[in-house]
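Engineer: Pasting a structure here, questions to come.
The values are calculated or read from the model by the stated rules, or taken from the named source; none is laboratory data. Fair warning: this is a prediction, and the values are worked out from it, not measured in the lab. Note: areas computed on protein heavy atoms with side chains; ligands, DNA, RNA excluded. Shrake-Rupley method; radii C 1.70, N 1.55, O 1.52, S 1.80 Å.
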Amino acid sequence: MDEINNKYTLSRFYFYDDTLNDWKNLKNFCTLSKEKRYSWSCSTRIDKINEEWLSIMHEGGCAEIAFGLESGSIDILKKSGKIIDLEQVKNNIGLCVNIGITPRAHFMIGFPDETKQQIEETVRFAVSLKLQGLRDVNFFVVKIYPSTGLCKTVLKKSTNNSKRIYDTWNINDWLSIKMHDKNIDYDKVRAKLRRFNDIPVQSVNQNFNSQQLRNVVRNAYGIFFCNNGVKPITDKELSKRLWQGINI
């Protein structure tokens, strides 16, 4: 970091590590980073942090933490092996904000067997975290990778073992969003879709194809980045807007 800073005058860094809090030298690093006045961001598990650790990281220059929350559905979390306490998630998101660290949440949509109701639970949970101060979120369509447990599960159930389940396509019309709702921050929605436009060719979900999931993601961003102040969205309105324009 010193070398990069001296050569390129860069003082903001990002650690590509899914669980930075597992790093045994993190505390010592924070002490040194504080002296250098570096600013950095990272990822970790939501259950790997507490107020003490967040304070140490913030003093050491941590400006942002991304959390892979994956789903807001308890059933989906159990099936995917990601057992997290949703109340703990809310509490720790609030801790980040109070301490001065910007939280970001990652969610996935389109798990095998995931239902319409469970997808709605994920988007609803993401929106609920705005009350704790969450201002940034990413929604991804589920993709699988060879030899993973999820891949084996999908291939076992699939009648078509095509290699296309590993492939992705780039959808180039993300930006063709009509300005039909003045309350939505379309600049943020477009920025998200422009950055994350990698969608599986073949959906691993038995209920929705890739095109449908792509539209769900777009609508989910529209819901999250709606500038409606503190007015909560009703379950009925969320469901209506999430599935708008999707034939199911």
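Engineer: Check which residues have an amide H placed less than 5 Å from A66's amide H, if you skip close sequence neighbours.
Structural biologist: Distant-sequence amide H within range of A66: C42, S43, T44, R104.
Engineer: Taking amide H positions as placed 1.01 Å from N in the peptide plane, with prolines and chain starts having none, which residues 5 or more places from E114, or on another chain, fall under 5 Å of its amide H?
Structural biologist: Residues meeting the criterion, in which the H sits 1.01 Å from N, are Q206.
Engineer: To continue, here is another question. Counting only heavy atoms of protein chains, what accessible area per residue, in Å², does the chain have with a probe of 1.4 Å? Show your work: numbers first, answer last.
Structural biologist: On the way: 13690 Å² over 248 residues.
For the chain, the solvent-accessible area averages 55 Å² per residue.
Engineer: Follow-up. Only one of the listed values, (1) 19.0; (2) 18.0; (3) 19.6, was derived from the coordinates as Kirkwood radius over Cα pairs in Å; which label is it?
Structural biologist: Step by step, Kirkwood radius over Cα pairs in Å for this structure corresponds to label (3).
Engineer: In sequence order, what are the phi-derived ³J(HN,Hα) couplings for segment 116-127 according to the Karplus relation 6.51 cos²θ - 1.76 cosθ + 1.60 with θ = phi - 60°, rounded to whole Hz, with x for glycine and proline?
Structural biologist: With coefficients 6.51, -1.76 and 1.60, one gets 4, 4, 5, 5, 4, 4, 5, 5, 4, 5, 4, 5 Hz.
Engineer: With no solvent and one equal point scatterer per Cα, compute the Debye intensity ratio I(q)/I(0) for segment 1-107 at 0.14, 0.20 Å⁻¹ and report its log10, rounded to two decimals.
Structural biologist: Debye output, listed in q order: -0.56, -1.01.
Engineer: Still on this model: Just the number, please: percent antiparallel of the DSSP beta bridges in the chain, rounded to the nearest 5.
Structural biologist: Details: 4 of 23 bridges.
Counting DSSP beta bridges with both partners in the chain, the antiparallel share is about 15 percent.
Engineer: Amide H of M108 versus every other amide H placed in the peptide plane: which residues, excluding those fewer than 5 positions away on the same chain, fall under 5 Å?
Structural biologist: E70, S71, F140
Engineer: Please turn the phi angles of segment 208-222 into ³J(HN,Hα) values with the Karplus equation 6.51 cos²θ - 1.76 cosθ + 1.60 (θ = phi - 60°), one per residue in order, whole Hz, x for glycine and proline.
Structural biologist: 9, 8, 4, 5, 5, 5, 4, 6, 4, 4, 4, 5, 4, 4, x
Engineer: Past the 19 Å Cα-Cα mark, which pairs from K82/K156; K90/K188; K48/K82; K116/K152; K78/K116; K78/K192? Please list the in-between numbers first.
Structural biologist: Working: K82/K156 21 Å; K90/K188 23 Å; K48/K82 13 Å; K116/K152 23 Å; K78/K116 17 Å; K78/K192 28 Å.
Cα-Cα > 19 Å for K82/K156; K90/K188; K116/K152; K78/K192; rest within.
Engineer: 222 nm [θ] for the chain, helices only, -39500 (n - 2.57) per DSSP H run of 4+, per residue, to 500? Don't skip to the end; give the middle numbers.
Structural biologist: Details: 10 runs with 102 residues, N = 248.
Here the helix-only value at 222 nm equals -12000 deg cm²/dmol.
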